[in-house]
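The next block holds one structure in the form of structure tokens; read it before the comments.
The values are calculated or read from the model by the stated rules, or taken from the named source; none is laboratory data. Please read these numbers as outputs of a predicted model, since none were measured by experiment. In this analysis, Cβ positions are derived from the backbone assuming ideal geometry, glycine residues included, and neighbour counts consider all displayed protein chains.
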Amino acid sequence: MQTPESLFIHEVGHGPAVVLLHGSPSSVAFFEPLVTALQSHRRVLIPELPGYGQSPPLAGPRLFERTQELLEEALRARGVTQAAVVGFSLGSWRALRLALTGRLEVTQVVTLGGFAALAPEHRDALRATADMLQRMPDFTDPAFRRPVALNFMAPAFASAHPEAVSEVEAWLDSTTPAWLSIEALSTANVEDLHPRLGSLRAPLTARVGELDRSTPPAYSERMVAAAPHAVLQRVPGCAHALLLEDREGTVAALRAALDA
């Protein structure tokens, strides 16, 4: 049974540790192709972050700081003091902050559709989304579910792969409108990490779809420009959900980055 402040962590494989941090909203199932590719030679840890799956939501201020503390505590309890970290979407900001301010020794950071800060218009959109979510009883309305999913994918891919659209819609079922509202508002006020990126010791690989509307390529470009050991990978024809839209290419790129 989970305690009021705890994280449920899925773990497979053996070898050097790699931590996979999901986005908002997304499911740990998004990482399945990467887990399959890594588990033969890596110890793969995939936390369900607060408010998702089997991890209860948090209460009070310092939402992201407390989440990081819980993650560090859970990893130390498993004997993990050093790890590579892969972050998707909001998970990328968490990965960068963990590498910059955390007690975990981060050996590599890989971001998928990542950001170190948000533009003012993006922050305003998140505040409006948080307000809308507060009035929603659940995520059953197709008029909400489908646009969320379509926003994460390139139109051509979504049209050709309706099963992938359904998979992304199902990400919403791993959380609740109340929690997603809190998380959206916290994200709107997230710290700008760019001033710290010059001190990032871990190599950074920032992979982003050229058609990403959720976290546009400019966010990854700015991260790479600010970090001392960073590589930018732009994926043509793809948007935000790279492990669905560009499964083989993204898995291969991440394996190469993590095994470098």
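Here is a yes/no grid of residues against (1) touching a Gly at 6+ places or on another chain (Cβ under 6 Å); (2) buried (at least 21 other Cβ atoms within 10 Å of the Cβ); (3) assigned to a strand (DSSP E or B); (4) of a type in the set (Asp, Glu):
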| site | (1), (2), (3), (4) |
| --- | --- |
| Ile9 | no, no, yes, no |
| Thr36 | no, no, no, no |
| Pro50 | no, yes, no, no |
| Pro61 | no, no, no, no |
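Right, Ser55: buried (at least 19 other Cβ atoms within 10 Å of the Cβ), in contact with a strand residue (DSSP E or B) (Cβ under 8 Å, 6 or more places away or on another chain) and under 27 Å from Gly209 (Cα atoms) or not?
Working: buried (at least 19 other Cβ atoms within 10 Å of the Cβ): yes; in contact with a strand residue (DSSP E or B) (Cβ under 8 Å, 6 or more places away or on another chain): yes; under 27 Å from Gly209 (Cα atoms): no.
In short, no.
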Test: Thr3 is at pLDDT below 95, among the polar types (S, T, N, Q) and farther than 26 Å from Leu118 by Cβ: yes
Scan of segment 151-203 for residues that are more than 18 Å from the chain's Cα centre (by Cα), hydroxyl-bearing (Ser, Thr, Tyr) and under 30 Å from Arg62 (Cβ atoms), ordered by number: Ser199
Number of the condition not met by Ala83 [criteria: (1) in contact (Cβ under 8 Å) with a residue 60 or more places away in the chain; (2) out of contact with any Asp or Glu (no Cβ under 6 Å at 6 or more places or on another chain); (3) small (Gly, Ala, Ser); (4) more than 16 Å from Leu104 (Cα to Cα)]: (4)
Residue check, Leu232 outside any helix (DSSP H, G or I) and without any contact (Cβ under 8 Å) to a residue 60 or more places away in the chain: yes
Residue within segment 88-99 that is at negative phi and modelled with pLDDT under 95 present: no
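Taking Glu248 as the residue in question, decide whether it is modelled with pLDDT of 95 or more and crowded, with 18+ Cβ neighbours inside 10 Å. Show your work before the answer.
Working: modelled with pLDDT of 95 or more: yes; crowded, with 18+ Cβ neighbours inside 10 Å: no.
No; evaluated as a whole, the condition is false for this residue.
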